[in-house]
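Undergrad: So that we are looking at the same thing, I have put the structure below in structure tokens.
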Amino acid sequence: MFDILMYLFENYIHSDSEVVVDHDELTDELARAGFHRQEIQKALAWLERLADLQETEAKTYLNVTPVASMRVYTEIECSRLDTQCRGFLTYLENLGVLDFSTREMVVDRVMELETSRFSLDDLKWVVLMVLFNLPGREAAYDKMEGLLFEEPEGPLH
């Protein structure tokens, strides 16, 4: 399912190509690209839920000022989001790329992925997908895009 999401993001959303709105046509295209129909349906449902979350979160947290708090992850969340991923989410919050509502959207979308392996690179793509359509988050999206494609300079120790 994650491969399908990546394919859609890279080929339609991120590339500024015209998005195919018709689910049947999109499903057929993805099937021709080699994806299984059941996985395609799961990926499209994941994207629809993301759109629902974005709409709900935008209305719910529009004028909310968060208080200082710490996110405690459940055991199931920790099994999907390792220490490196959780640390990266905190780092993104400290940078201002994520706030408490966008972080929760990211965690929600990660938990809905059906994958046995989930890496920091996968998390970065999920963050990009979440930020992409959120009004007023263009600067955060740009920062995250820079972090995703950033090449480390100099020797790593």
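The values are calculated or read from the model by the stated rules, or taken from the named source; none is laboratory data. Remember, it's a predicted structure, so these values are computed and weren't measured experimentally. Neighbour counts run over all protein chains shown; Cβ positions are idealised from the backbone, glycine included.
Undergrad: Just to be sure, is L50 within 13 Å of the chain's Cα centre (by Cα), modelled with pLDDT of 85 or more and outside any loop (DSSP other than H, G, I, E, B)?
TA: Here the answer is yes, as L50 does meet what is asked.
Undergrad: Among the listed residues L89, L98, L5, L44, identify the single one that is outside any helix (DSSP H, G or I) and either modelled with pLDDT of 85 or more or loosely packed, with under 12 Cβ neighbours inside 10 Å (or both).
TA: When all the criteria are applied, what remains is L98.
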